[in-house]
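Report on one structure; see the data block that follows.
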Amino acid sequence: MDFSDIRNIVILTGAGISAESGVATFRGPDGLWEGHRVEDVATPEGFARDPALVQRFYDARRARLHEVEPNAAHAALARLDKEWKGGLLIVTQNVDDLHERAGASRLLHMHGELKSAWCRACDARSPWQGELANGPDCPTCGVAGKLRPDIVWFGEMPYEMERIDRALMEADLFVSIGTSGAVYPAAGYVQTARYCGARTLEMNLDPRQGSIFFHETRIGKAGELVPAWVEEVLAANP
Ligand code: OAD
């Protein structure tokens, strides 16, 4: 694919970009997410049924963030963010903080963030490092036991959809990295971008059914493919 004459880039990332950092992807070979059914830990209904289980699940994942580091793919996207003079939006489905720790800033978390807590009493969102299972006070309103993980569960509305749609409509290049394309609306972004005139590139460990929507698919590890692609796109647009 020719990467010259590109101005606006939208990049969608999924769990595959963090896999080489040691963060588990969502859909394991057994169909479970770290031993749990997705309905139990990633739906409002699951939370209503067993809030303690859900809080402990996300507390454990939040605590584990301190044990993982960004990998070469996160670093390459941070380099692109720094050096790219045109428009760029990195839309991540990931709730980890590895993109920002690598230094990316033109970034949004469409499925929320582990390091944020959402108060069901006052609706405020607060940066959060510790546990939620022990029912802490909301830093904004002071009410105890009302904070939940600021994660978009199935059946809830992803964040910043209008901003994402605008960026997709203006994109000259849409790049998808390490996502299975199983979850909408993110899975449909390639079609929106392509319909609006963008070239489309996918990088993933395995070919998927959705690969047919892309102009080009590169198969391999994100930690190898992404740095090579960033080099290529920067060289084509000096
Ligand atoms: P998935 O676990 O569904 O898919 C991860 C993809 O990454 C798979 O296609 C793998 O083949 C690929 N992969 C694995 N290791 C890789 C590597 N080293 N390099 C490149 N690719 C690799 O994760 P997502 O597509 O991100 O939603 O899942 C989408 C959403 O489903 C998540 O955001 C989450 C989940 O339910 C919410 O939490 C709302």
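Bear in mind that the values in this text are calculations on the coordinates, not laboratory data. Note that the structure is predicted; figures quoted are calculated from it, not measured. For neighbour counting, all protein chains shown are included, and Cβ atoms are generated from backbone atoms with ideal geometry for every residue, glycine included.
A few comments on the model shown:
- Magnitude of the charge dipole for the stretch 1-106, about its Cα centre and with charges confined to Cβ atoms of Lys, Arg (+1) and Asp, Glu (-1), is about 260 debye.
- For the stretch 187-230: span of alpha carbons on each principal axis (Å, largest first): 29, 23, 14
- Residue-averaged [θ]222 nm for the chain, counting only DSSP H segments that reach four residues, each worth -39500 (n - 2.57): -9000 deg cm²/dmol
- Relative contact order %, the chain, counting alpha carbon pairs below 8 Å whose residues are six or more apart: 24
- Charge context of SER4, other residues only, Cβ under 13 angstrom, K/R +1, D/E -1: -2
- Note on the stretch 114-205: the C-alpha convex hull projects to 7.6 nm² when averaged across all orientations.
- For the stretch 130-146, 3J(HN,Hα) computed residue by residue from phi via the Karplus equation (6.51, -1.76, 1.60; θ = phi - 60°) reads x, 8, 10, 4, 7, x, x, 6, 6, x, 8, 9, x, 6, 8, x, 10 Hz, glycine and proline entered as x.
- Helices meeting the span-like rule in the chain (full DSSP H runs, Cα extent of at least 18 Å along the helix axis, mean Kyte-Doolittle score of -0.5 or higher): 222-236.
- Based on alpha carbons, the Rg and Dmax found for the chain are 18.1, 55 Å.
- What the Cβ-Cβ distance of HIS36 and ALA228 gives, at R0 = 45 Å and to the nearest 0.05, is a FRET efficiency of 0.80.
- Charge-dipole axis of the chain as Lys and Arg at +1 and Asp and Glu at -1 on Cβ define it, positive-most pick from ALA187, LEU147, PRO44: LEU147
- Inter-label distance, nm, simple model (7 Å from Cα along the C-beta direction), ALA144/GLU69: 4.1
- Cysteines in the chain lacking any other cysteine Cβ under 4.7 Å from their own Cβ: CYS196.
- The value of relative contact order for the stretch 109-224, using C-alpha pairs under 8 Å at least six residues apart, is 19 percent.
- Test item: Cα-centred dipole of the chain, Lys/Arg +1 and Asp/Glu -1 on Cβ, debye: 240
- With contacts taken as Cα pairs under 8 Å at a separation of at least 6 residues, the stretch 161-235 carries a relative contact order of 27 percent.
- Calculated FRET value between ALA52 and ASP123, using beta carbons and R₀ = 25 Å, to 0.05: 0.65
- Model label points for ALA133 and ALA182, set 7 angstrom from Cα along the Cα-to-Cβ axis, are 2.5 nm apart.
- Among the listed pairs LYS82/LYS146; LYS85/LYS115; LYS85/LYS146, those whose Cα-Cα separation exceeds 32 Å are LYS82/LYS146; LYS85/LYS146.
- Within-13-Å neighbourhood charge of VAL152 [Cβ basis; K, R +1; D, E -1]: -2
- Remark: the MET157-SER4 segment gains 51.5 nm on full extension, using 0.36 nm per residue and subtracting the alpha carbon distance.
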